[in-house]
Amino acid sequence: MASQFPLAPSSIRWTPPPQNIVKVNFDGSVLQHDSSAAVGFIFRDCSGCPFFASARKLGKANVPIAEATALRDSLLKAKKLNYSHLMVEGDSALIINCVTERLKCPWKLLQIVQDIKKIASSFSLVSFHHVLREANFTANALANLGQNLDTQHCWESNLLSSVRVTVNFDLFGGGCLRDVRMVDALQVSFGGAMKEYKSTHLLKVYSSSTSSRPNIKWPPPSGQVKINFDDSVIQQSSDVAAGFIIRDEVGCLLVASARKIVKTTILIAEATALRDSLLFMLWGFKIS
């Protein structure tokens, strides 16, 4: 399905696989303070629709071990489900390069990588691709979700909202710019970026890696997302903007959006910001 937003130059986004190919996205999550690791992966078809997802806690591990385990888990499940044609994506260049033999495998990863190669040889067609984190957010959301699970969870439908929002962004969002930093959604809307594109544009979906995780003390309950919305009005020009931010259950930013709207009252602007956020949660797009 075509994007509802104009893509920014060099915009990074997830893309569906060719017909009759299953796209696998995998990721690992490691908490900085105690090295608790979790893994997640998702299968999607050529229309971008998810039909299987999994997340589980791994125990204590470093990031490469978590990433490699997530990849191995995904291939084992694909084999069990009798899929034969796979396109596999992950945001760990180390793991992808070790599997494709572009890089000599570190000894600590050797056993897992050997397992991955053995499983991969059983498929009729399989390819491995390194992607940037901005194209791997759904797998990242699943890995983060795994931090809060006592046992492995699998979904064939009814994905949790914290995962569904990233699937919606992959399908309908406008991509995002590499290394864009946003202090406040509404400040950015008057900082020039929105004026350049002159329409609603998703500015950034933040990575929830430990290095960029904000220190938030009020995350929502497990399995839920928290939406914050607001408006901004410049008195001298009466310019109005609306913005919202969506965070997951571990406090990581999933989506941040801001746009200018027609000159109106503060009350209407507030209501518009709320409506935009709910429309994104439901359908993956907003009213421009």
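The values are calculated or read from the model by the stated rules, or taken from the named source; none is laboratory data. Because the structure is a prediction, the values reported are computed rather than measured. Cβ: placed from backbone, ideal geometry, glycine included. Neighbour counts: every protein chain shown. Surface areas here come from the heavy atoms of the whole protein model, side chains and all, with no ligands, DNA or RNA. Shrake-Rupley method; radii C 1.70, N 1.55, O 1.52, S 1.80 Å.
Within the range 80-93, the residues that satisfy the criterion of being hydrophobic (A, V, I, L, M, F, W, C), outside any helix (DSSP H, G or I) and surrounded by fewer than 21 Cβ atoms within 10 Å (Cβ to Cβ) are LEU81, MET87.
For every residue, the table says whether it meets (1) under 28 Å from ASN97 (Cβ atoms); (2) touching a Phe, Trp or Tyr at 6+ places or on another chain (Cβ under 7 Å); (3) at pLDDT below 85.
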position	(1), (2), (3)
ALA143	yes, no, no
ASN168	no, yes, yes
PHE172	no, yes, yes
ASP184	no, no, yes
VAL188	no, no, yes
GLY192	no, no, yes
PRO214	no, no, yes
PRO220	no, no, yes
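When the range 149-165 is filtered for residues that are among the polar types (S, T, N, Q), open to solvent by 70 Å² or more (accessible area, probe 1.4 Å) and under 22 Å from VAL30 (Cβ atoms), the ones remaining, listed by number, are THR151, GLN152. When the range 25-49 is filtered for residues that are among the aliphatic types (A, V, I, L, M), under 13 Å from GLU67 (Cα atoms) and touching a residue at least 40 places away in the same chain (Cβ under 8 Å), the ones remaining, listed by number, are VAL30, ALA38, VAL39. Scanning the range 108-132 for residues that are part of a strand (DSSP E or B) and of a type in the set (S, T, N, Q) turns up just one, SER127.
Screening the range 94-107 for residues that are more than 20 Å from PHE43 (Cβ to Cβ) and assigned to a helix (DSSP H, G or I) and picking the one that is nearest to the chain's Cα centre (by Cα) gives LEU94.
Selection of the range 50-67 for residues being touching a Gly at 6+ places or on another chain (Cβ under 7 Å) and charged (D, E, K, R) yields ARG56, LYS57, GLU67. Do we have ARG178 as at pLDDT below 95 and either under 30 Å from VAL240 (Cα atoms) or open to solvent by less than 30 Å² (accessible area, probe 1.4 Å) (or both) here? In short, yes. With respect to being modelled with pLDDT of 95 or more and open to solvent by 20 Å² or more (accessible area, probe 1.4 Å), LYS77 fits the description.
Scanning the range 43-79 for residues that are in a loop (DSSP other than H, G, I, E, B), more than 20 Å from SER157 (Cα to Cα) and among the small types (Gly, Ala, Ser) yields one hit, ALA61.
Residues of the range 102-138 that are open to solvent by 20 Å² or more (accessible area, probe 1.4 Å), of a type in the set (D, E, K, R) and at pLDDT below 95: ARG102, LYS104, LYS108, ARG133. Among the residues in the range 29-41, are any of a type in the set (Gly, Ala, Ser), closer than 27 Å to SER257 by Cα, modelled with pLDDT of 95 or more and not in a loop (DSSP other than H, G, I, E, B)? The answer is yes; a qualifying residue exists. In the range 49-74, the qualifying residues are those that are polar (S, T, N, Q) and either closer than 15 Å to GLN32 by Cβ or more than 18 Å from the chain's Cα centre (by Cα) (or both), and the one that is most open to solvent (accessible area, probe 1.4 Å) is ASN62.
ASN168: open to solvent by less than 20 Å² (accessible area, probe 1.4 Å), more than 20 Å from LYS60 (Cβ to Cβ), within 13 Å of the chain's Cα centre (by Cα) and not β-branched (Val, Ile, Thr), yes or no? For ASN168, the condition - open to solvent by less than 20 Å² (accessible area, probe 1.4 Å), more than 20 Å from LYS60 (Cβ to Cβ), within 13 Å of the chain's Cα centre (by Cα) and not β-branched (Val, Ile, Thr) - is met.
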